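Undergrad: Can you read through this structure? Questions will come right after.
The values are calculated or read from the model by the stated rules, or taken from the named source; none is laboratory data. Remember, it's a predicted structure, so these values are computed and weren't measured experimentally. Because the Cβ atoms are built from the backbone with ideal geometry, glycine has one as well, and the counts that use them run over all protein chains shown.
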Amino acid sequence: MLSVNGSTGGSDIIGLIVQKHSKTGGRYVLRSIFIANLVILALSSLAYGFVKGATAGINMFIYSVAAQFVCEIVQETIFKGFSAALELEITTDKSDAMREALISEIKHGVTTIRVVGGYSKQEKKMVVCVINRRQLVQARKIIHRVDPQAFAYVENVKEVIGKGFANKEEELDVSEHAGE
């Protein structure tokens with residue numbers, strides 16, 4: 001809802017206010033909603049503790065905070081997860097063929113870096129490419145086809161800024177200024 005400046009009428013209204021007045025974009029929006037929910041939970045647990053007893057109030061607060069923490073993780077994953085990507089680092093003797101195959105078949109740019117093997121002490125090239133998660137199977141097939149002896153690993157990328165990848169914070173900044 002926040003990515004389209006919408007609200008469900010709950011504490012996410014605070015997030016919309018932070019989003020509208022923040023110079024940093026969407027970075028603190030979800031955090032402000034989490035803090036607002038914690039304040040509400042603390043006050044509710046205090047009131048519940050007066051009615052049902054201190055132990056019941058404390059238990060309610062602990063369970064509620066745990067649930068809120070899980071919700072925060074899920075929200076952040078959904079909110080930022082759409083720009084989640086993977087980085088491929090492929091060390092190969094066939095860097096030119098690997099580079100061409102990745103560019104032509106996956107349609108993402110690559111970077112080639114000269115490296116020296118720690119064990120073999122041989123100079124090789126590493127091809128680095130950032131891809132979407134759904135392209136991993138295709139990338140694996142390309143690596144095995146081009147150079148079955150290649151050494152490759154995959155890393156999670158938290159955020160990508162650049163052509164071909166969505167960036168939720170930039171989208172928030174654009175939508176934030178669209179009404180001005």
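Undergrad: For Ser104, all conditions in the list (1) surrounded by fewer than 13 Cβ atoms within 10 Å (Cβ to Cβ); (2) under 23 Å from the mean Cα position of the chain (by Cα); (3) modelled with pLDDT of 90 or more hold save one; what is the number of the exception?
TA: If we test Ser104 against (1) surrounded by fewer than 13 Cβ atoms within 10 Å (Cβ to Cβ); (2) under 23 Å from the mean Cα position of the chain (by Cα); (3) modelled with pLDDT of 90 or more, just (2) comes out false.
Undergrad: To continue, here is another question. Which residue out of Arg27, Arg31 is at pLDDT below 70 and assigned to a helix (DSSP H, G or I)?
TA: After ruling out the rest, the residue left standing is Arg27.
Undergrad: Applying the selection to segment 7-24, what residues are closer than 23 Å to Leu41 by Cα and either surrounded by 16 or more Cβ atoms within 10 Å (Cβ to Cβ) or at pLDDT below 70 (or both)?
TA: Within segment 7-24, Ser7, Thr8, Gly9, Ser11, Asp12, Ile14, Gly15, Leu16, Val18, Gln19 qualify.
Undergrad: Shifting gears a bit: Could you tell me how many of the residues in segment 141-160 are among the β-branched types (Val, Ile, Thr), buried (at least 17 other Cβ atoms within 10 Å of the Cβ) and outside any loop (DSSP other than H, G, I, E, B)?
TA: Residues flagged as among the β-branched types (Val, Ile, Thr), buried (at least 17 other Cβ atoms within 10 Å of the Cβ) and outside any loop (DSSP other than H, G, I, E, B) within segment 141-160 amount to 3.
Undergrad: Quick check on segment 132-154. Is at least one of its residues closer than 30 Å to Ile33 by Cβ, among the small types (Gly, Ala, Ser) and in contact with a Lys or Arg (Cβ under 9 Å, 6 or more places away or on another chain)?
TA: So far as segment 132-154 goes, no, none of its residues is closer than 30 Å to Ile33 by Cβ, among the small types (Gly, Ala, Ser) and in contact with a Lys or Arg (Cβ under 9 Å, 6 or more places away or on another chain).
Undergrad: Right, Ile103: part of a helix (DSSP H, G or I) and either within 30 Å of Gly15 (Cα to Cα) or among the basic types (Lys, Arg) (or both) or not?
TA: For Ile103, the condition - part of a helix (DSSP H, G or I) and either within 30 Å of Gly15 (Cα to Cα) or among the basic types (Lys, Arg) (or both) - is not met.
Undergrad: Select from segment 113-140 the residues that are surrounded by 12 or more Cβ atoms within 10 Å (Cβ to Cβ) and either basic (Lys, Arg) or not in a strand (DSSP E or B) (or both) and list them in ascending order.
TA: Result: Lys124, Lys125, Arg133, Gln135, Leu136, Gln138, Ala139, Arg140.
Undergrad: Continuing with the same structure: Quick test of your reading of the structure: Val39 fulfils all but one of (1) at pLDDT 75 or above; (2) of a type in the set (Val, Ile, Thr); (3) within 19 Å of Ile73 (Cβ to Cβ). Name the failing condition by number.
TA: Among (1) at pLDDT 75 or above; (2) of a type in the set (Val, Ile, Thr); (3) within 19 Å of Ile73 (Cβ to Cβ), the lone unmet condition for Val39 is (3).
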